[in-house]
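What follows draws every value from the coordinates through simple rules; no lab data is involved. The model shown is predicted, which means the values in this text are computed figures rather than measured ones. Please note: Cβ atoms are built from the backbone with ideal geometry, for glycine as well, and neighbour counts cover all protein chains shown.
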2 protein chains.
Amino acid sequence: MAWLDLPRGYWNPVSETMPRERLRERQFDKLKVQLEHAYAGSRFWRERMDAAGCPPDTIRSLADFSERFPILTREEIIAAEAVDPPYGTLPSVDPRLAVRHHQTSGTSGAQPVRTFDTARDWAWAADMWATGAYAMGVRPGDTALVAFGYGLFIGFWGLQYGLEKIGCRVIPTGSFDSEKRVRLLIEQQCQVLACTPTYALRLALTAEEMGVDLAQSAVKVVIASGEPRPEATKHKIEAAFGAFCGDTAGMTEAATIFMFECAEEPGGCHVIETDYLEEVIDPETLQPCDYGQRGVRLMTSLGREGIQVFRYWSNDLVTKRPHSDCGCGRTWDLYEGGIQGRHDDMRKIRGVWFMPSMVEDVVRKFPEIDEFQCQLVNIEALDTLVVQIEPKPAVREKDYEPLRQRFAAEVKRQLSLTPRVELAAVGTLPRFEMKAKRFQDLTAAPEAVKN
Amino acid sequence: MAWLDLPRGYWNPVSETMPRERLRERQFDKLKVQLEHAYAGSRFWRERMDAAGCPPDTIRSLADFSERFPILTREEIIAAEAVDPPYGTLPSVDPRLAVRHHQTSGTSGAQPVRTFDTARDWAWAADMWATGAYAMGVRPGDTALVAFGYGLFIGFWGLQYGLEKIGCRVIPTGSFDSEKRVRLLIEQQCQVLACTPTYALRLALTAEEMGVDLAQSAVKVVIASGEPRPEATKHKIEAAFGAFCGDTAGMTEAATIFMFECAEEPGGCHVIETDYLEEVIDPETLQPCDYGQRGVRLMTSLGREGIQVFRYWSNDLVTKRPHSDCGCGRTWDLYEGGIQGRHDDMRKIRGVWFMPSMVEDVVRKFPEIDEFQCQLVNIEALDTLVVQIEPKPAVREKDYEPLRQRFAAEVKRQLSLTPRVELAAVGTLPRFEMKAKRFQDLTAAPEAVKN
């Protein structure tokens, strides 16, 4: 079956290479259908559109929609769900049509966002994942190991169904520990690994301890999702697995991914513009950003029937770049460096903008460092960045202090901030299998500290 | 959408109620296609059929097949897979067409059986599960909580896809503990729970400790699979959940279930005869058993294209009964009491036939007993059944000895065997989330004891 090996660049060739004029027309056609569907089926959306004076038949263009349609916040979703749990007034169809239930972890003390998918939604969600995985080089006949807990987190569920749709042999490893996963990865000659960036690094470390060289394995693509992922982390994963590490991101509120990094490695991710209308706005002025300007992304999903979102404040910080910056032929614009951080994690420290992902970017350049944590602390009336670093077991104690100093100097050089760097004993910092939590702001109000 | 509530008895009305003559014709037509497919695609099967003098075109009838076609053992599958792992010479199609990989646990020291499913196989596997779940009363619009680890075990994976196919809202709980699962079951008002019988009892116990009365929950069906399940266990589950507890069983070697208990509760399980040709034979003489005679089931799968099995020695002990013993209208014959035990677990103790499931049947009648273990031990040259029972924490110590005596008397009464019964301290016996292991034969050869 040599035809399985034939190269083919796109999962949906026509929609991925459509001229931008046509793309905009298609977005507007889909938007109108979505608005009408929401207005007819969802109490929440009907009341909201009526109150804002923008029922579906009054929306004249994409620009008109962006100007007049109200922004949706996470708090509003939570409030609408609380009216009649689990889904409240939001759904546009009877939730009994759902084939799946998912929710966010709600670990930070906040209420989880709950969601369902109809059979149609779920097929669409898998198609979005197939679009992204295919662009990363995943092909029919590949074998993929999926490493996550298979609980209510939606992300890797959609991925699994997407890989099946492509025609991959999927190996689910819900209840497995890292050693067992490394062994399966080798035994089953997997070409694809799917997990969070944090967990990919953990698997690499486990393999090292087992004396297994993953760079010699069959793995060709690591699909990393679930967390922002700085460049240095990507390179570290690529070195460990001898593979391309593709970035992607989705949201529970959208059921699936909205962007992916193609194998051309354009330095960012393509937005799936046929299925999402993405706006980038200045978080202060709420005015649209141009290419090259960092702002918060507002998401409008064009592909879902069960629970819909229009102009959803994602809290993700992004910078849009034109599609022409990538040579893959897709006409879909890019988010430079993927998700650069979270707007509510962004802090001005002594006049300098800071995001936690910046610290990770430095850490990953130090092979001697195993884990880290960072905090923003008020010390003698000054906001101070405190970073704890945990050396690998192999590092000798006499090298601890020089490591600490070199790391502090590098943070200062890259972030223009003088951190307080502390050493943590081997094995003492928390480890993460799913979404890592490595930043705490202790300068905020006491209520927030509890979260 | 009141139509969702309309009763309808069968998932596949025509095939479930087909006259038996037509059913036999259909089985033979399907068998011929399966044999030809295996002969054309599988080295293992081609060589085997040629060696036995029964290539596809020589098989003249179902009876002819049963008389001449060789029996397949687990050891032969393992040997065929070892030739070129993971699937060896068995597959009838290129394994690159697989969408899933699964394997047995291999925990007992034996090699695991590995298997894959093509997209077509997987759709068929889900349809078998849908057939069973629908017969138990699961309907579109129901919400189902699936409680297992989502590793390589195939069973509940097929169930999940089958429930989606029916149109249920599925809630996967791979990484959850029992408390979290109980909370979700209540919060999401689940009508359906799917897990092993052992785990259903564990959830019931957890709920009791949490002060939650599951009998007041929305649960109407507990789909219990993965283990033989004596009647007393069924009744205990039904009392705890205030629900119907439906039995079913499958095998990794068949990808999905081959029998299910319908809501009429016929005292056993219907065989999915359109998709399986099941023979029951005497394990000593290998001659076919009549209705009412206990024997070992030989399985021929009529629905799978990737890896096929013909006349597979399942090791399951069953007794076939005619379909007319059930009032549901299905024309599919029954296995009385489902799987009654495993042939290699069956022992003659002092002239009396014994199966471990018989002990479980007694245990479940004692609400004071939490867990148990049983062993066959040679004491003073006599084979003796030793049963350890662990009382619930609520049982007072002064009641321990009377409990021990009552239990011993009941075992003697039901099994005609005099056991040695020992009390185990609270919390000391092993607990099981998946397939329980509660029997050890210490009279066997040392090699076997290690397993």
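Worth pointing out:
- With a threshold of 23 Å on the Cα-Cα distance, the over-threshold entries among B:Lys180/B:Lys435; A:Lys180/B:Lys165; A:Lys180/A:Lys220; B:Lys234/B:Lys435; A:Lys180/A:Lys365; B:Lys236/B:Lys348 are A:Lys180/B:Lys165; A:Lys180/A:Lys365; B:Lys236/B:Lys348.
- 17 Å Cα-Cα reach of B:Lys412 towards aspartates and glutamates, excluding residues that sit fewer than 8 places from it in its own chain: B:Glu360, B:Asp361, B:Asp383, B:Glu401, B:Glu422
- Charged neighbours of B:Ala254, selected by a Cβ distance under 10 Å, balance to -1 (K, R count +1; D, E count -1).
- Look at the alpha carbon pairs under 8 Å that are at least 6 residues apart: their mean separation over the length of chain B gives a relative contact order of 14 percent.
- Using a 7 Å Cα-to-Cβ projection, A:Gln405 label spacings across copies, nm, ascending: 8.0
- Degrees between helix B:155-166 axis and first principal axis of chain B (Cα, 0 to 90, nearest 10): 70
- Averaged over B:161-174, number of beta-carbon atoms from partner chains that fall within 10 Å: 5
- Under 5 Å between amide hydrogens, built in the peptide plane, is the criterion, and for B:Val280 it picks out B:Cys289, B:Leu298 among residues at least 5 positions away or on other chains.
- For A:141-150, mean number of other protein chain Cβ atoms within 10 Å: 4
- Relative packing of peptides A:113-125, B:76-88, B:312-324 - highest average C-beta neighbours within 10 Å first: A:113-125, B:312-324, B:76-88
- Shape class for the protein assembly as shown: prolate, because the ratio a/c of the largest to smallest gyration tensor axis (alpha-carbon atoms, square roots of eigenvalues) is 1.5 or more and a/b beats b/c.
- Placing R0 at 41 angstrom, the Cβ-Cβ distance between A:Asp344 and A:Glu401 gives a FRET efficiency of 0.70 after rounding to 0.05.
- What separates the A:Ala424 label point from its copies, with the point 7 Å along Cα to Cβ, is 3.9 nm, written shortest first.
- For segment B:173-186, backbone phi angles converted through the Karplus equation (6.51, -1.76, 1.60; θ = phi - 60°) give residue-by-residue couplings of 10, x, 9, 8, 8, 5, 4, 5, 5, 4, 4, 5, 4, 6 Hz, Gly and Pro being listed as x.
- Computed helical MRE - 222 nm, the protein assembly as shown, DSSP H runs ≥ 4 contributing -39500 (n - 2.57), nearest 500: -9500 deg cm²/dmol
- With θ taken as phi - 60° and the Karplus curve 6.51 cos²θ - 1.76 cosθ + 1.60 applied, the whole-hertz 3J(HN,Hα) list for segment A:218-224 is 7, 4, 10, 9, 10, 8, 9 Hz, x standing for glycine and proline.
- Relative contact order (%) - segment A:347-450, alpha-carbon pairs under 8 angstrom, separation at least six: 31
- For chain A, a/c is not less than 1.5, where a ≥ b ≥ c are the root eigenvalues of the C-alpha gyration tensor, and a/b does not top b/c. That puts it in the oblate class.
- For segment B:1-344, the residue among B:His235, B:Gln216, B:Tyr199 whose Cα projects farthest onto the positive side of the dipole built from Cβ charges is B:Gln216.
- Whole-Hz Karplus values for segment B:207-216 come out as 4, 4, 5, 7, x, 9, 9, 5, 5, 8 Hz, taken residue by residue from phi with 6.51 cos²θ - 1.76 cosθ + 1.60 and θ = phi - 60°; glycine and proline positions read x.
- Taking 7 Å steps out from each Cα toward its Cβ at B:Glu368 and B:Val33 produces label points 5.8 nm apart.
- Since only A:Leu442, A:Ser225, A:Thr252 are under comparison, the one whose Cα sits farthest along the positive direction of the charge dipole of chain A, derived from C-beta charges on Lys, Arg, Asp and Glu, is A:Ser225.
- For chain A, a crude dipole built from +1 on the beta carbon of Lys and Arg and -1 on the beta carbon of Asp and Glu, taken about the Cα centre, is about 260 debye to the nearest 20.
- Separation between Cα centres of segment B:411-425 and segment A:290-357, rounded to whole Å: 68
- Crossing angle, helix A:119-135 versus chain A [Cα axis fit, 0-90 degrees, rounded to tens]: 50
- Angle in degrees between helix A:231-241 and the longest Cα principal axis of chain A, rounded to the nearest 10: 70
- Take B:Val386, push a point 7 Å out from Cα through the beta-carbon direction, and compare it with the same point in every other copy: 5.7 nm, smallest first.
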